[in-house]
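Shown next, in C-alpha cells, is the structure this report addresses.
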C-alpha cells in the first residue's frame, strides 16, 4: 500500500531512512575530510518527520541567520533537498581551512563563500548517492541555489513544497566531530541539517525497490 502523506511513514520505513542517513553522513564525513585536509568524524544522525514550523523552532526561531543550499532532484527520484549550515559549522570549517575566524556570514570573502557552497554540494550529494546506491535508482540534481538569510525566509520554499505531502518534511539532524588535528576545535561538534522533500511517488518507489511496505 502506497504512502499518501509523509505522516504515514512506519517505524520500519523511518529506520530505512535513518540507515540512508548513516550511509550519507559517512560518505559526507569522508569527503569533508579530504576536502578540508583533515579528519572529520560523524555522530549518529537523527531522522524525524517534522512540520516546517517545528523545524524552524529547532533551528532557533525564524530570525536565526543560516546558510541554505538547495538542489532539486529529477529522474527516478524527484523532489528537493535543502542543506542548512549553522554559523558555528561554517565558522569552524572556514577557520580550519583558511585560518580565518569569521563571526558572521557577511565576513566571508568570495573564496570562502564558494567553499561553503561546495560543502553544501558535498552533503546533499552524499545523501542522494546513498539513496541511489541502496535502491539502484538514478537521479539528477540541479545547480545549487545558495542563500544566506533568516531561517524563516529560507524555509518558505520547503513550506510550499511540503504542503503537497501533508505539510511535513524529512528532517536529518547531522553532527560532525573535529579530530585532534584541529586543536582549536578538537572533540567539538558542529551541526548542520538536511531537509529532504521527496515526491511521494519517488518515496514509494524507493520503499518498493527495497521491499519495505507499510
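Taken together, the values in this text are just the output of simple stated rules run on the coordinates, not laboratory data. Predicted model only: the values in this text are computed from it and were never measured. Neighbour counts are summed over all protein chains in view; Cβ atoms, including those assigned to glycine, are modelled from backbone coordinates with ideal geometry.
On a 0 to 90 degree scale, rounded to 10, what angle separates helix 11-36 from the longest Cα axis of the chain?
With both axes taken from Cα atoms, the answer is about 30 degrees.
Quick check on packing: order 204-211, 106-113 by the mean number of other C-beta atoms within 10 Å, highest mean leading. Please list the in-between numbers first.
Values: 204-211: 15.8, 106-113: 13.0.
Those peptides, ordered most packed to least, come out 204-211, 106-113.
Between helix 110-135 and the chain, what is the angle of the helix's C-alpha long axis to the longest principal axis, kept within 0 to 90° and rounded to the nearest 10?
30
How far is helix 200-210 tilted off the main Cα axis of the chain, in degrees rounded to 10, range 0 to 90?
With rounding to tens, the tilt is 80 degrees.
Which one of 60, 51, 24 has the biggest mean-square fluctuation once the chain is modelled by GNM with Cα springs under 10 Å?
Highest fluctuation among the options: 60.
Taking the convex hull of the Cα atoms, report for segment 30-136 its projected area averaged over all directions, in nm². Numbers along the way, then the final one.
Numbers: hull surface 32.2 nm².
It is 8.0 nm².
Given springs between every Cα pair under 10 Å in a Gaussian network model of the chain, which of 159, 34, 130 has the largest fluctuation?
34
Taking neighbour counts of Cβ atoms within 10 Å as a proxy for exposure, in what order, fewest first, do 10, 96 appear? Before the final figure, lay out the partial values.
On the way: 10 13, 96 21.
The order, fewest Cβ neighbours first, is 10, 96.
Could you work out the relative contact order of the chain? I mean the mean sequence separation of Cα pairs under 8 Å and 6+ apart, divided by the number of residues, in percent. Can you show the working numbers first?
On the way: 380 pairs, mean separation 75.6, N = 214.
It rounds to 35 percent for the chain.
Based on the mean of other beta carbon atoms within 10 Å per residue, what is the order of 115-124, 135-144, most packed first? Walk me through the numbers before you get to the answer.
Numbers: 115-124: 20.8, 135-144: 14.0.
Most protected by this proxy first, the peptides run 115-124, 135-144.
Is the shape of segment 7-208 rounded, prolate or oblate, going by the alpha carbon gyration tensor and its root eigenvalues a ≥ b ≥ c, with a/c under 1.5 for rounded and a/b larger than b/c for prolate? Please report the intermediate quantities before stating the final value.
Values: a/c = 1.78, a/b = 1.43, b/c = 1.24.
The shape class here is prolate.
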